[in-house]
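Working notes, beginning with the structure itself.
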Amino acid sequence: MLIAVSKTKSVSEIIEAYNAGQKYFGENRVQELLDKKDHVPADAEWHLIGHLQTNKVKYVVPFISMIQSVDSLKLLNAINNEASKVNKVVNCLLQIYIAEEETKYGFSMSEIESIINLKGLDGLKYVRICGVMGMATFTEDFSQVRKEFSCLREYFKILKAGYFNSETHFREISMGMSGDYKIAVEEGSTMVRIGSLLFGERNKNKPV
Ligand SMILES: *Cc1c(COP(=O)(O)O)cnc(C)c1O
């Protein structure tokens, strides 16, 4: 499945992609997403792919198709709470840290396992965990990138076998961007998030 990452791109560029048949769009900032979504046909589906602050959860929960960037138990609880208010089950991916470089966001595998073992996910009735998401190191070293994607696939398998075996919706591995999607697909990606390759380079002056 292809997620067209439309951050920094205009509504008209998004509609052009929509008219060409693209239905799934990814944005990483809540405000930008809110500004755009009502100008795009309502059957387009939105995936949040950037860090989500708990105080902004309420703005996205009512319409979001998937929150791919779930990176804390606190956020899961906030999503569950807001989702319960609108009686909606929200599709989520657990963002797992696989890159070598320092990043601020994402679970480690051991964090996820301890949360599950401590029953931290029990009772989250309005959250549907559909799989995992990760980003590889930004490097020209493709063997490194391959190693990291392969690692994410292994994490997915461990979680599936150990904790989500009976849950058919736990099936997504979101990995691969413009520069590394081919490797990601070879390593088992089920969702690629492609921005610049579809829409052209982003304006570097704009925040991303
Ligand atoms: C921007 C972004 C992408 C897409 O990046 P491209 O290199 O333009 O394809 C994918 N995933 C996340 C989380 C992003 O922030």
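Tabulated results
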| item | result |
| --- | --- |
| Test: residue in the range 161-172 that is open to solvent by less than 70 Å² (accessible area, probe 1.4 Å), closer than 12 Å to GLN95 by Cα, outside any helix (DSSP H, G or I) and within 16 Å of the ligand (Cβ to nearest atom) | yes |
| So MET66, is it away from the ligand (no atom under 13 Å from the Cβ) and under 13 Å from the mean Cα position of the chain (by Cα) | no |
| Selection within the range 176-201 - assigned to a loop (DSSP other than H, G, I, E, B) and in contact (Cβ under 8 Å) with a residue 60 or more places away in the chain | MET177, THR190, GLY195 |
| The range 1-25, subset more than 13 Å from the ligand (Cβ to nearest atom) and of a type in the set (A, V, I, L, M), residue nearest to HIS39 (Cα to Cα) | VAL11 |
| Given (1) within 16 Å of the ligand (Cβ to nearest atom); (2) surrounded by 16 or more Cβ atoms within 10 Å (Cβ to Cβ); (3) touching a residue at least 24 places away in the same chain (Cβ under 8 Å), index of the condition PHE142 fails | (2) |
| Checking GLU187 against (1) within 17 Å of ILE3 (Cα to Cα); (2) in contact with a Ser or Thr (Cβ under 6 Å, 6 or more places away or on another chain), the condition it does not meet | (1) |
| Some residue of the range 145-156 being modelled with pLDDT of 95 or more, of a type in the set (Phe, Trp, Tyr), part of a loop (DSSP other than H, G, I, E, B) and away from the ligand (no atom under 16 Å from the Cβ) | no |
| Filter pass, GLY176 being at positive phi and either crowded, with 23+ Cβ neighbours inside 10 Å or within 16 Å of the chain's Cα centre (by Cα) (or both) | yes |
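The values are calculated or read from the model by the stated rules, or taken from the named source; none is laboratory data. All of these numbers come straight from a predicted model, not from anything done at the bench. Because the Cβ atoms are built from the backbone with ideal geometry, glycine has one as well, and the counts that use them run over all protein chains shown. When the accessible area is computed, the model is the full protein with side chains, heavy atoms only, and any ligands, DNA or RNA have been set aside. Shrake-Rupley method; radii C 1.70, N 1.55, O 1.52, S 1.80 Å.
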